[in-house]
Amino acid sequence: MVWAVLLCLSWPAAGQGVDSAPPVAPEDGEVAYYLVDGWVRAGEVPEDASLPRAPLTGVFGVYVTLRDDGQLVGSGSALRDDLTDAIDTPGPPVDMAVLLAGATRAALRDLEQTQRRRAIELGISDPDLLAQRVRDVRARLQIDVQIGHTLESVVLPADGTDDAVYAQFVPGYHGLRLTGPLMPDGDLVWPANALARNSSPRSQLVQLLDRQGFEEEDLAVVARPSGPQLERFEVIHFVQANPSMPPRQLIRGNVPTPRRALDTAALHGITERIARHLDGKLEVLNDGTRVMRGPYLPSPDRVSPDLASPRQASLACFAMMVQSRSAQERMPGDRISRVRAERALSLVETLAEVVNPANGEPRAISVALLLLAMTESPVPVDADLRDALAEVLLGLRLEDGGYCVVSGDERRVGRAIEAVMTAALASWCVAAQPDDPAVAEWVWDAMNQLAEANAADPSGARLADLTWLSVAYSRAGTQLAGQSSDPIALDRLERMQAFLADQLQLLSDQQVRGVPLIGPADVAGGYVTRTGPAGAAPDPSWESSMPLAIVAVTVRDDAIVAPDAIFGPLLSAQLGAGFVSKLLLVEQNGYYVRDRNAIGGVRRSLWDNTLDLDCSSMALIALSEMQTTLHRLDQRDAPE
C-alpha cells in the first residue's frame, strides 16, 4: 500500500475542505492504478470516510476493469453526482478516491458473481472452495483503470452531412456519452472498452442509441438540434498487460512514444515479431497436409475462417520470403531466416496443387504470388514447379497486352491483379532466364503498359498498382530494359523511373506530418489512403504499408532518387515504418487478448484490432524492404 501512503502525504485528509484543486494529470492515473491494485489484491475497499483525499478538477468518472489472462471477469464504474456541471468546463473539484472506491467495489462484486456462476458450472458448491477460487483469481488479475476527463459537447448543424458526426471524435481515443429518455444522466462508451470489444465508430453510436431506446435511424440526428445530445471525452488509462509486467499508461491502446524514425535495431525486432507471427500460423494436419490458419479476431477470441484462403496464404509466403532474403543479405548464413524460408517453401508446394489443379482453371493471382515467393526464396527451389507456375501466367497473356481471366477468354483481369502477375513474371525472367527472348520482351512491355496506364489515369495512380510495379522494377526493371532489343527501351526505362520519382513526392504529400486538430499524434508517419468526413482527424491504416514498400524499394535506386536528395524520402520512409510499428499487437496493447500467439500480428488500424493476414504480410514486406534499403545504403556509403 505504498501508493496509498503517498496519497495520504500529498492530498488533504478527510474532513478538510477543498475549494480548489489541480487538474487531473497522467501521474494521477498511476497513483490511482496502484490504489485500485491494493484494494483488488486485498479483496476489500475501505469505507469512504477512511479513504485518502484525492481532490482534482476535470474528472467526471472512472472505470475499473478486471481481466484474467485477457478475459473480462469484472468491471465497475462511478460518476460524479453533478455530472452536468462538468460538461464543457472542468467543474468543481471532485474526490477521485471516492470515485475509484465506488468503481472498484462494483468491479469486485462483478468478479465474485462471475466466479460464482463459473463455480456452479463446474459443480463447486462449497463456500470455502469458492472463496479460495476468488482469492486465487484476484492474485493474478490484470487491472485496467480509466479516468474520464474533458467532457465536451458535440454540436452539429441540422443541415450537416450524414457522416459529420464521425469527424467529431477519434475512435479509441475519445469516449462517448449520449443522453436519452431511458438514462437521463447519460450512457457512456469508454474508449479502452471500445478497443477491447473492437467496436467501430458507427457501432459505438448505435449501441448508445439502442440502450437509450432510440432506433438505428436516429443516428442521422445525433448531436443535431432535433436529436439526442452527445459528448466526447478523454481518459487517462493505466493497465497491467499481464501479471509479470508493470502498469503502463496507454494512449489509444498504445504506450506513448516520441515521434521518431525507426533505426536498424528496432526494425529488426519488429520484422522478426511479424515473421514469427506468420510462421506460427503454418500447421501440418494429421494427414500431412500443410495449411495456414486464418485471420484472428482478438475480441471474440476466434480464428475466422479457420483456414486462410489460397491468396492470403500465398501472399504470406511471399512476405516471409522477402523477410528471409533480406535477413540473408544482411546476415549471411542466418539459420532462423533460412528455416523460415524452408517452411514457407513447403507450404508453397502444397498451395501450388490447390491454385493450379490438374483438372480445372488456375487461380491467377495466387499462382502469381506463389511464383513471386519462389523467385524470392533464399533457399533452393524446385525449378520445374517454379517454371510451371510461370507457364500458367504466360498462358493467360492477351495479344494486345494484359491477361485474360481464364485461358481462351477475352475478358481481361483487373489492373491490380495484372500488376501482381507482371511483377511475378518479371522476377521469374531474371531468376530463370527463359530461352525465348520474346517472353522477356513481352514482360518488359507489360511493365511499361502498367506504368503508362497509371500515369494517364485521371484519378491518379492506384496504390496497389504502384506497389507491385515497384516490386517488378526493383527485381527486374533495369535488367529487362538492358536485355530488350527495343531501340527506345532505355528511354522507356527513364520514363518509368521519372514516373516513380513523381509518385514518391505524391506519396509524401499523403503522409501525416503535423499534429491533428483533435486526437493524439499517434497517426504521425502514416499515409492517408482513404479520405474521411470533412474536418476529421487523419485515420491511416494498415494500407500505409503499401506506400512504405514503394518508397523503401525505390529510394535506394540512384536513378529515381539522387544520392544528394535521399535524406527527405529516407526520413519519410523511416517515419512511415514507425507508424506501421504502432499497428503491431504487442504485450502492452494486447491487454485484452487471450491468445498469446496473436502477439506480433498487425492490426487493421489503431482502433480495429482484426488481425487479417494481409495486414501482417504487407507490413512484413514493407519493413523488410526498409531493412534492405538501410543495409545497402550503409554498404554504399561505407569507406573503401
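The values are calculated or read from the model by the stated rules, or taken from the named source; none is laboratory data. Since the model is a prediction, treat every value here as computed from it, not as a measurement. Neighbour counts run over all protein chains shown; Cβ positions are idealised from the backbone, glycine included. What goes into the accessible areas is simple: the full protein's heavy atoms, side chains included, and nothing from ligands, DNA or RNA. Shrake-Rupley method; radii C 1.70, N 1.55, O 1.52, S 1.80 Å.
So here's what we get for this one:
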| quantity | calculated |
| --- | --- |
| ³J(HN,Hα) computed for each position of the range 326-343 - Karplus, 6.51 cos²θ - 1.76 cosθ + 1.60, integer Hz, glycine/proline x | 4, 5, 5, 5, 7, 9, x, x, 4, 6, 4, 5, 5, 5, 4, 5, 5, 5 |
| Heavy atoms of residue 495 accessible to a 1.4 Å probe, total area in Å² rounded to 10 | 130 Å² |
| Gyration tensor (alpha-carbon) shape descriptor, the range 92-192, a/c threshold 1.5 | prolate |
| The chain: mean projected area of Cα convex hull, nm² | 35.2 nm² |
| Contact order normalised by residue count of the range 373-523, Cα under 8 Å, 6+ apart, percent | 19 percent |
| C-alpha long axis of helix 415-432 to longest principal axis of the chain, angle in ° | 60 degrees |
| Angle between the chain longest axis and helix 489-509 axis [Cα atoms, degrees, rounded to 10] | 10 degrees |
| Within the chain: Cβ-based charge dipole about Cα centre, in debye rounded to nearest 20 (Lys, Arg +1; Asp, Glu -1) | 1460 debye |
| Heavy-atom accessible surface of the chain: percent carbon and sulfur, 1.4 Å | 51 percent |
| 3J(HN,Hα) from dihedral phi, the range 473-478, Karplus parametrisation 6.51/-1.76/1.60, rounded to Hz, x for glycine, proline | 5, 5, 8, 8, x, 5 |
| Gain upon complete extension [residue 559, residue 406; 0.36 nm per residue less C-alpha separation] | 51.3 nm |
| The range 33-84 - charge dipole about Cα centre, Lys and Arg +1 at Cβ, Asp and Glu -1, debye rounded to 20 | 140 debye |
| Protection-proxy order for peptides 422-428, 353-359, 537-543, 174-180, each taking the mean of Cβ atoms within 10 Å per residue, highest first | 422-428, 174-180, 537-543, 353-359 |
| Helical mean residue ellipticity (222 nm; -39500 (n - 2.57) per DSSP H run of 4+; nearest 500) of the chain | -15000 deg cm²/dmol |
| The chain: relative contact order as a whole-number percent, Cα under 8 Å and 6+ apart | 14 percent |
| Three-way shape call for the range 384-477 based on the alpha-carbon gyration tensor, with the a/c threshold at 1.5 | oblate |
| Dipole of the range 535-620, positive end: most advanced residue of 562, 602, 585 [Cβ charges, Cα centre] | 585 |
| Two-site FRET efficiency, residue 306 against residue 399, from Cβ-Cβ distance with R₀ of 41 Å, rounded to 0.05 | 0.45 |
| Among 364-372, 279-287, 191-199, the order from most to least packed when residues are scored by Cβ within 10 Å on average | 364-372, 191-199, 279-287 |
| Average accessible area per residue (Å²) across the chain - probe 1.4 Å, nucleic acids and ligands excluded | 42 Å² |
| Stretchable slack from residue 455 to residue 502, in nm (0.36 nm times residue separation minus alpha-carbon distance) | 15.9 nm |
| Charge-dipole axis of the range 500-640 as Lys and Arg at +1 and Asp and Glu at -1 on Cβ define it, positive-most pick from 507, 531, 520 | 520 |
| Heavy atoms of residue 447: accessible area, 1.4 Å probe, square angstrom to 10 | 0 Å² |
| Nearest-20 debye value, the range 221-276 charge dipole, Cβ charges on Lys, Arg, Asp, Glu | 80 debye |
| Relative contact order for the range 441-545, counting Cα pairs under 8 Å that sit 6 or more residues apart, in percent | 18 percent |
